[in-house]
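See structure below.
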Amino acid sequence: MPVKCLWSNRKDMEQTLKGDEHGWWVVSHDSQVWLPEGKLPYGMAAQCGLEGIVGRKIGEWQGECVWLVSHQKTSQMDSVRQLLDEDVALFQLAGRGVQLAEFYHSHQFCGYCGQKMVHSKTELACLCPQCKERYYPQIAPCVIVAIRRGEEILLAQHQRHCGNMYTVLAGFVEVGETLEQAVAREVMEESNIRIKNLRYISSQPWPFPHSLMMAFMAEYADGDLRHDPKELRDAGWFRYDQLPILPPPGTVARRLIEDTVVLCRDGQE
């Protein structure tokens with residue numbers, strides 16, 4: 001299957017909106033997006049009250065431009081998580097917008113010389129006109145892994161999650177690590193077990209705040225399960241047909257769990 005890019009022509013992306021621009025609008029401020037009636041707004045810039053504000057093209061969805069506008073609306077600002085049930089590409093573009101809005105907000109001045117920064121006209125970057133330093137959006141690599149033991153899958157309640165949801169193990173990649181080493185370390189730190197037959201599955205941009213999730217599947221090797229209470233509230237082995245509350249559809253965590261359930265049900269080694 002061909003891999004489709006979100007946006008390739010990056011020239012002249014930023015402009016002051018005249019009002020007749022058309023497309024989908026990611027209006028973002030303070031890591032939130034404007035969701036009138038719970039949906040990403042679509043239509044003319046003037047209809048959305050965005051005339052005279054600077055907008056930036058950040059992608060394309062359903063043949064229409066997706067625009068980023070760093071602006072705070074007086075109401076109906078919400079988390080981009082509300083779009084998880086929408087098309088994956090639309091959620092990804094909205095997440096890109098949120099991350100870019102925060103990047104531009106936090107890079108108004110050069111970290112080396114203090115000069116006010118300008119936005120690049122040809123790429124997603126901030127430039128310093130004095131010392132010529134160039135800044136790009138920060139991406140934090142993160143590994144996430146589903147671990148299978150026979151007909152069971154290892155699931156955990158993370159301290160940072162609310163409610164009773166269980167999910168797979170995950171963590172950030174540290175300096176000097178390979179992705180495989182990061183998976184092995186995170187699993188050992190959080191659960192005290194070792195894994196084998198590690199294999200890469202997929203990836204997902206995750207704008208909370210600026211992660212790139214790289215998903216793996218693995219099999220249990222050895223070790224007694226003992227979760228780290230600083231990271232996890234609980235952890236356990238769950239039979240594939242007796243699962244707790246899971247992450248929502250559209251997340252790479254849910255995909256890993258569902259793929260593991262198929263392996264457990266089919267009894268594959």
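What follows draws every value from the coordinates through simple rules; no lab data is involved. As the structure is a computational prediction, the values presented were derived from the model and not from experiment. Cβ sites come from the backbone with ideal geometry, for glycine too, and all protein chains shown count toward neighbours.
Here are some notes:
- Principal-axis tilt of helix 88-106 within the chain, Cα atoms, nearest 10 degrees: 60 degrees
- Computed from point charges on the beta carbon alone (+1 for Lys and Arg, -1 for Asp and Glu), the dipole magnitude for the stretch 135-183 about its Cα centre is near 160 Debye.
- Relative contact order [Cα under 8 Å, 6+ residues apart], the stretch 133-230, whole percent: 33 percent
- Scattering profile of the stretch 140-267 at q = 0.13, 0.15, 0.17 Å⁻¹ [log10 I(q)/I(0), Debye over alpha-carbon scatterers]: -0.46, -0.63, -0.83
- Neighbourhood charge, 12 Å Cβ-Cβ cut-off, centred on Ser31 and excluding it, Lys, Arg +1 and Asp, Glu -1: -2
- Relative contact order of the stretch 1-107, defined on C-alpha pairs under 8 angstrom at six or more residues apart (%): 32 percent
- More than 11 angstrom apart: percent of Cα pairs within the stretch 34-75: 71 percent
- Note on the stretch 1-107: the C-alpha convex hull projects to 7.1 nm² when averaged across all orientations.
- Computed with the Debye formula from one identical point scatterer per Cα of the stretch 110-213, without solvent, the log10 of I(q)/I(0) at q = 0.17, 0.19, 0.20, 0.22 Å⁻¹ comes to -0.86, -0.98, -1.05, -1.20.
- Charge tally in the Cβ shell below 10 Å around Pro141, where Lys, Arg are +1 and Asp, Glu are -1, Pro141 excluded: -2
- Comparing Leu243, Leu40, Leu212 in a Gaussian network model of the chain (Cα springs below 10 Å), the most mobile by mean-square fluctuation is Leu243.
- Hull-based mean projected area of the stretch 73-160, where the convex hull spans the alpha carbons, in square nanometres: 10.1 nm²
- Computed lengthening from Ala89 to Thr178, 0.36 nm per intervening residue step minus Cα-Cα distance: 29.2 nm
- Of the cross-linked pairs Lys39/Lys116; Lys57/Lys116; Lys18/Lys132; Lys39/Lys73, those separated by over 26 Å at the C-alpha level are Lys39/Lys116; Lys18/Lys132.
- Our summary gives the chain a relative contact order of 16 percent, counting only alpha carbon pairs under 8 angstrom and 6 or more residues apart.
- Cα Rg over Rh - the chain, Kirkwood: 1.03
- Of the trypsin sites (Lys or Arg not before Pro) found in the stretch 36-121, those in coil by DSSP whose Cβ has at most 16 other Cβ atoms within 10 Å are Lys39, Lys121.
- Peptides 157-169, 244-256 ranked from most to least packed give 244-256, 157-169, packing being the mean of other C-beta atoms within 10 angstrom over each peptide's residues.
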